[in-house]
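Just below is one structure, and these are the notes that go with it.
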Amino acid sequence: MAQEIVDLCKKAAELNYSAQYRKGNVVQLPDEGKAVFTGDLHGHRRNFEKITHFADLDNDPGTFLVFQEILHGGPEDEYGGCLSFELFFNILRYQLQYPGQVYLVMGNHDTAIINDTNVLKGGKEMNEAMKNSMKRYYGDDYGAIMGALREYLLSQPLAVRCSNRIWMSHSLPADRYVEDFNTEVFAKRLGADDLNRQEPAYLLTWGRRHSMEAIEKLSQLFDVDIFILGHQPQENGFSHAHEKLIILASDHNHGCLISFDLGKSYTAGELLGCIVSLASVA
Ligand SMILES: [Mn+2]
């Protein structure tokens, strides 16, 4: 079992680096086909099933499906340890089934797992909770599997950019880091050091509560019109935080996805009409 998972992580990481539309650390989607973007999934298996049912990649080779923040949350073992890694490995198997169509973008919890740092959430240390459950689950194979998982997480792109000027990433740098944000991070091969506190890949995945001015500056800096992010909890599944910013969540019963045509231009208002409630998906 351990070798299968180590190989799975390696193969999926190789696919990440060699994917047709990957340019540096950004996936640049073509100007045709369909995008299906999701918010934080947090181990929610039922929503994963709904999302894949909706995307229907078997019948839609021109559809690109993007996930984010799968790890942490969802089912727990009897000691309160986090079992989201089971769903995560399923999603890697799914990614390998549809090469170039399925992407996972880097989230802040991924940076914490790669660098083995703490993330507190609701009074619980999430990284430790997952490491402990993985140790119980995999026993002596834990080290090899965690090493392979970290390599995979590091291979993830930071963002997806569509030809119709829509950008998707886990988050964006917080206001005070916008002015000096170093966009070279999108071009270089990422190392674990790039995810250290205050480094650009860290800032990109951890920012919250962006002002309209910051979003405006970032839209000029990244040369896009609309941002779709996850990271910030959305009770109703989404919010139109600013004119150019839509935030999605896919981790609960009111979770959503967004689906739009890559060959069409959209205003933010029109994009809001492309949001699909997962409750409405069979
Ligand atoms: Mn997050």
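How many residues, within the stretch 152-207, are of a type outside the set (A, V, I, L, M, F, W, C) and surrounded by fewer than 15 Cβ atoms within 10 Å (Cβ to Cβ)?
So the first thing to find is which residues in the stretch 152-207 are of a type outside the set (A, V, I, L, M, F, W, C), and the list is 152, 155-157, 161, 163-165, 169-171, 173, 175-177, 179-180, 182-184, 188-189, 191, 193-194, 196-200, 202, 205, 207.
Now drop any that are not surrounded by fewer than 15 Cβ atoms within 10 Å (Cβ to Cβ), which leaves 163, 165, 176, 179-180, 182-184, 188-189, 191, 193, 196-198.
Matching residues across the stretch 152-207 total 15.
Any idea how many residues of the stretch 85-114 are farther than 23 Å from S18 by Cα and either surrounded by fewer than 18 Cβ atoms within 10 Å (Cβ to Cβ) or touching a Cys at 6+ places or on another chain (Cβ under 7 Å) (or both)?
Of the residues in the stretch 85-114, 1 are farther than 23 Å from S18 by Cα and either surrounded by fewer than 18 Cβ atoms within 10 Å (Cβ to Cβ) or touching a Cys at 6+ places or on another chain (Cβ under 7 Å) (or both).
Within the stretch 81-91, does at least one residue satisfy the condition of being in a helix (DSSP H, G or I), under 30 Å from G273 (Cβ atoms), touching a residue at least 12 places away in the same chain (Cβ under 8 Å) and not polar (S, T, N, Q)?
Scanning the stretch 81-91, I find at least one residue that is in a helix (DSSP H, G or I), under 30 Å from G273 (Cβ atoms), touching a residue at least 12 places away in the same chain (Cβ under 8 Å) and not polar (S, T, N, Q), so the answer is yes.
Considering only the stretch 1-27, how many residues are of a type in the set (G, A, S) and assigned to a helix (DSSP H, G or I)?
The total comes to 4.
Of all the residues that make up the stretch 255-266, how many are assigned to a loop (DSSP other than H, G, I, E, B) and either over 26 Å from S280 (Cβ atoms) or of a type in the set (A, V, I, L, M, F, W, C) (or both)?
Qualifying residue count for the region: 1.
Quick one: which residue in E235, E216 is loosely packed, with under 14 Cβ neighbours inside 10 Å and among the acidic types (D, E)?
Details: E216 fails: loosely packed, with under 14 Cβ neighbours inside 10 Å.
Being loosely packed, with under 14 Cβ neighbours inside 10 Å and among the acidic types (D, E) holds for just one of E235, E216, which is E235.
When residues of the stretch 241-266 are filtered for being polar (S, T, N, Q) and either at positive phi or out of contact with any strand residue (DSSP E or B) (no Cβ under 8 Å at 6 or more places or on another chain) (or both), how many remain? Explain how you work it out, then say what you get.
Of the stretch 241-266, the ones polar (S, T, N, Q) are 250, 253, 259, 265.
Checking which are either at positive phi or out of contact with any strand residue (DSSP E or B) (no Cβ under 8 Å at 6 or more places or on another chain) (or both) leaves us with 253, 265.
The number of residues fulfilling the criteria is 2.
Would you mind finding the one in S211, S171 that is among the polar types (S, T, N, Q) and farther than 23 Å from Q95 by Cα?
S211
Got a number for residues in the stretch 30-52 being at negative phi, outside any helix (DSSP H, G or I) and over 17 Å from the mean Cα position of the chain (by Cα)?
Counting residues in the stretch 30-52 that are at negative phi, outside any helix (DSSP H, G or I) and over 17 Å from the mean Cα position of the chain (by Cα) gives 4.
Find the residue count for the stretch 101-118, including only residues that are more than 15 Å from the ligand (Cβ to nearest atom) and at pLDDT 95 or above.
Number satisfying all stated conditions: 3.
The values are calculated or read from the model by the stated rules, or taken from the named source; none is laboratory data. Only a predicted model underlies this, so the values are computations on that prediction, with no experimental measurement involved. Every residue, glycine among them, receives a Cβ derived from its backbone with ideal geometry; neighbour counts consider all protein chains shown.
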